[in-house]
Amino acid sequence: MRATGKPRRPGSRTSLHKDTPAPPFVRVLVANRGEIALRIIRACRDLQMESVAVYSDADASAAHVRAADDAVRLGPAPPAESYLRMDAIVRAAQETGSDAIHPGYGFLAERAAFARMVEGAGIAFVGPSSGVIAALGDKLAARRAALAAEVPVVPGTLEPAALQPDRIDGLLREAASIGFPLLVKAAAGGGGRGMRRVERAEDLPSALAAAEAEATSAFGDGAVYLEREIRPARHIEVQLLGDRYGKVVAIGERDCSIQRRHQKLIEESPAPGLTRDERLTVHDLAVRAARSVGLTNAATAEFLYTGKGRFYFLEVNARLQVEHGITELVTGLDLVAEQFRLAAGRPLSEAAVRAAENAATSIGHAIEVRLSAEDPSGDFVPAPGRVGRWRMPAGPGIRVDTAAEAGDRVPPDYDPLLAKVMAHGADRSTALARLIRALDEVEVTGIQTTLPFHRAALRHPCFHAGDVSTDWVADRWDGPAERRRWQPLAELAAALAAIETPPGAPQSVSTTPEKGSGRAAEPRGWRRTALEAGVERWPR
Amino acid sequence: MASVSSATAAGPVRVSSLGAAPGEGRVIGPVEGQLRLVGPGLGVLRIAPGSAEVAVLMAALDPPVAAPPRSRAAVGVEVVVEGWRFELEVEDAARASLRDRASRERGGKGHGGATELRAIIPGRIVAVAVAPGDNVVPGQQLLVIEAMKMQNELRAPRAGVIARVIVGPGQTVDLGDLLVEIG
């Protein structure tokens, strides 16, 4: 099963200076794929640790496999046969002599059974302990713990809403008291998977069944619960770090309000428009919720914010978050490196403590867009395929975390995230201007991405004003209309390209209609068509 | 743009989305504008002298991914403008309308119009809710495709009797694969 891998770099673990602290671990197995696997491998290299990649057949030549010092095949493409195979991953760690496993996000990151298996094998799990994951990763248990710590939670059930014939009446009564519309959520869930919105009582049983099926498929656990849908609201989350000596700190917050199907599209830090007191309040609520379960390592507490200092606890994600990079840009911390040091039993670093002290008065601003293989004109449905051209932006204040490359097949088996494009600046308007510029540099062909959405959203006056909510996409994004605006130009380009054009030669193409040809429709001038379609803004 | 061959004569052309129904698409003529090629697959489009320029990315669609070309004379082009991706077919307008007429005449006494439902995303079939001979009503769930961990339900676009079910649970399907036929 083991790939030949690349030869170990001689002396790759030798410290650059004799003052450099010893690496937290010798060799780290990265139990993930895509951009986050690459991100973690980079941190390993920065800390003078070796890395071991794992891969499915769909990823045999992926960037993360090539970047690691060694690589182990897990199985065929479906996650259940590869990246979710706990025993195979632990065995791979043992066979490669890895002393730590970093799960990234998704897949096994919040599976308490996996963390327990890793701990049992005498390998360090880079994340909260299995006990904490069980308490936080189970969203229902987390809601109970938060309530016990006097952190306000979103109204809803505190026990699983199992779809059993004898419980239907009780569930309907509970649902009625929560109020419609409500959300059916997976207890083991996250990222909108296993989630259903229910507007009427009669739709509840089918929504429960669908959510259970999706949750079982995605997480291997079909338990679901009910929660009131709070709208409009902003989604605000707090980055947490904790060491084994009982110290838990908040490293600032992020606003992730711009979502679609409960999947985040744009994130920024700090959250725009919050007062210092509000920021201190939400940081304190997050630390309280985390402390109540004895959080260690890194996690993120998520809240809904309805204004005037009112925050409702949603859940704690007991793992590294997709959008951790913007917190890194604002604080200067390397959160993955912090995770490794904490997992090795070291106390919170001085830098982390300092960042926590300044968390409510942070200087600088960072914004991230998630470039995904999704169609923003078709309700953001996944649009897998083969990447043709792939050009990512660069320049002042820009960070791009990606593992995608030209010619890659984007498999339908995994998350559609292709790249996280982040911009950092001294203030929000600088970061925003840089991100808009960066997105104008992006060139992707072969697959539809969310790029048009991001370009339009970042230019929207409401976004500039910091006026964001979880309803933003539904209220302000008309994907089909946006796409239609550009169709005439695309058709003209196709027509010009198809008509005889000597390759490479800059030349004007102009043709006149043939006389008397039996045409199906009256041709029209292209300038008029384009102008009538409302094409006013030109990228260059 | 050496990769995009030219199979159409200069003259009015019809541009249609790849896989569109016969007869759909728009006739463009005269084709006015300037397309300056500044690199492989990268063009700069100007709709009129002196107007602003738009960057367009282009690639030949060969072979087209979703459906066979309707005609050998059609050129498949992928165009990306402002992040939006279009799969287009360009062909001579006169030839296109001739072909439409021919297919209309053929279709007059042809088959009874079965509806073929094809995969709009690649993925894995996780459930099939119907069998051949079943009566279905519009909106009824036919099957569920899981792609990127999201379950996508395929529903009947119209009432009818299931003529064929081509796929089964666990099967992997590609974009455009035939799934179910409603008679």
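The values are calculated or read from the model by the stated rules, or taken from the named source; none is laboratory data. Every value quoted in this text rests on a predicted model; they were computed, and no experiment measured them. Here Cβ is always computed from backbone atoms with ideal geometry, including for glycine, and neighbour counts include all displayed protein chains.
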Item to check | region A:405-454, subset among the acidic types (Asp, Glu) and assigned to a helix (DSSP H, G or I), residue surrounded by the most Cβ atoms within 10 Å (Cβ to Cβ) | outcome: A:Asp440
Checklist entry - Among (1) outside any loop (DSSP other than H, G, I, E, B); (2) within 23 Å of A:Met49 (Cβ to Cβ); (3) touching a residue at least 40 places away in the same chain (Cβ under 8 Å), where does A:Met117 come up short? => result (3)
Next on the checklist: When the residues of region A:271-296 are narrowed to those that are more than 24 Å from the chain's Cα centre (by Cα), part of a loop (DSSP other than H, G, I, E, B) and touching a residue at least 60 places away in the same chain (Cβ under 8 Å), which ends up surrounded by the fewest Cβ atoms within 10 Å (Cβ to Cβ)?
Outcome noted: A:Gly294
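Where residues in region A:395-404 are assigned to a loop (DSSP other than H, G, I, E, B) and in contact with a strand residue (DSSP E or B) (Cβ under 6 Å, 6 or more places away or on another chain), which of them is surrounded by the fewest Cβ atoms within 10 Å (Cβ to Cβ)? Explain how you work it out, then say what you get.
Initial filter on region A:395-404 (assigned to a loop (DSSP other than H, G, I, E, B)): A:395-397, A:403-404.
Retained after the next criterion (residues that are in contact with a strand residue (DSSP E or B) (Cβ under 6 Å, 6 or more places away or on another chain)): A:397, A:404.
On the way: A:Gly397: 19, A:Ala404: 22.
Per the stated criteria, the residue is A:Gly397.
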Checklist entry - Hey, A:Leu314 hits all of (1) part of a strand (DSSP E or B); (2) crowded, with 24+ Cβ neighbours inside 10 Å but one; which does it fall short on? => result (2)
Next on the checklist: Is it the case, given these coordinates, that A:Ala356 is assigned by TED's automatic domain parsing to the domain that holds A:Ala431, among the small types (Gly, Ala, Ser) and at pLDDT below 95?
Outcome noted: no
Checklist entry - A:Gly378: outside any helix (DSSP H, G or I), at the interface with chain B (Cβ under 9 Å from one of its Cβ atoms) and buried (at least 18 other Cβ atoms within 10 Å of the Cβ), yes or no? => result no
Checklist entry - Within region A:76-87, which residues are free of Cβ contacts under 8 Å to residues at least 40 places away in the same chain and in contact with a strand residue (DSSP E or B) (Cβ under 7 Å, 6 or more places away or on another chain)? => result A:Pro76, A:Glu81, A:Ser82, A:Arg85
Item to check | Any chance A:Pro452 is under 22 Å from the mean Cα position of the chain (by Cα), closer than 29 Å to A:Pro270 by Cα and not aliphatic (A, V, I, L, M) | outcome: yes
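Residues checked against (1) facing chain B (nearest Cβ under 9 Å); (2) at pLDDT below 90:
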residue: A:Phe453; (1), (2): yes, no
residue: A:Arg459; (1), (2): no, no
residue: A:Glu500; (1), (2): yes, yes
residue: A:Ala505; (1), (2): yes, yes
residue: A:Arg524; (1), (2): yes, yes
residue: A:Arg528; (1), (2): no, yes
Checklist entry - Does region B:77-88 contain at least one residue that is surrounded by 15 or more Cβ atoms within 10 Å (Cβ to Cβ), assigned by TED's automatic domain parsing to the domain that holds B:Val165, modelled with pLDDT of 75 or more and assigned to a loop (DSSP other than H, G, I, E, B)? => result no
Item to check | In region A:181-224, the residues that are surrounded by fewer than 23 Cβ atoms within 10 Å (Cβ to Cβ), under 24 Å from A:Cys256 (Cα atoms) and over 22 Å from the mean Cα position of the chain (by Cα) | outcome: A:Pro181, A:Val198
Item to check | Qualifying residues in region A:354-375 (those that are part of a strand (DSSP E or B) and within 18 Å of A:Glu328 (Cβ to Cβ)) - the one farthest from the other protein chains (Cβ to nearest Cβ) | outcome: A:His365
Checklist entry - Of the residues A:Arg111, A:Arg143, which is touching a residue at least 24 places away in the same chain (Cβ under 8 Å) and outside the structural domain of A:Asp70 (by TED's automatic domain parsing)? => result A:Arg143
Item to check | Long-range neighbours under 6 Å by Cβ, at least six apart or interchain, first residue more than 7 Å from chain A (Cβ to nearest Cβ) within region B:34-56, second among the polar types (S, T, N, Q) | outcome: B:Arg46/B:Gln34
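When you scan region A:252-270, do you find a residue that is part of a loop (DSSP other than H, G, I, E, B), buried (at least 23 other Cβ atoms within 10 Å of the Cβ) and on the phi < 0 side of the Ramachandran plot, even just one? Before you say what the answer is, go through the steps one by one.
Going through region A:252-270, the residues part of a loop (DSSP other than H, G, I, E, B) turn out to be A:261-262, A:270.
Filter once more, keeping what is buried (at least 23 other Cβ atoms within 10 Å of the Cβ): A:270.
Filter once more, so that each one left must be on the phi < 0 side of the Ramachandran plot: A:270.
Yes - at least one qualifying residue is present in region A:252-270.
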Item to check | Pairs, first within 16 Å of A:Ala134 (Cα to Cα) in region A:297-321, second of a type in the set (S, T, N, Q) and not in a strand (DSSP E or B), C-beta under 6 Å, six or more apart | outcome: A:Asn297/A:Gln339; A:Ala298/A:Gln339; A:Thr300/A:Gln321
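Among the residues in region A:21-31, are any modelled with pLDDT under 95 and surrounded by fewer than 19 Cβ atoms within 10 Å (Cβ to Cβ)?
yes
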Checklist entry - What is the one condition in (1) over 22 Å from A:Val153 (Cα atoms); (2) touching a strand residue (DSSP E or B) at 6+ places or on another chain (Cβ under 6 Å); (3) within 13 Å of another protein chain (Cβ to nearest Cβ) that A:Ala213 does not satisfy? => result (2)
Checklist entry - In this structure, is A:Arg42 at pLDDT 95 or above, outside any loop (DSSP other than H, G, I, E, B) and farther than 26 Å from A:Phe219 by Cα? => result yes
Item to check | Failed item in (1) at pLDDT 85 or above; (2) within 24 Å of A:Pro376 (Cα to Cα); (3) under 17 Å from the mean Cα position of the chain (by Cα), with B:Ala66 passing the rest | outcome: (1)
Checklist entry - Out of (1) part of a loop (DSSP other than H, G, I, E, B); (2) of a type in the set (Asp, Glu); (3) closer than 25 Å to B:Ala60 by Cβ; (4) modelled with pLDDT of 90 or more, the odd one out for A:Asp467 is which? => result (3)
Checklist outcome for this item: Checked region A:138-186 for anything part of a helix (DSSP H, G or I) and of a type in the set (Ser, Thr, Tyr); matches are A:Ser177
Checklist outcome for this item: When every residue in region A:120-134 that is part of a helix (DSSP H, G or I) and small (Gly, Ala, Ser) is compared, the one farthest from A:Pro23 (Cα to Cα) is A:Ala134
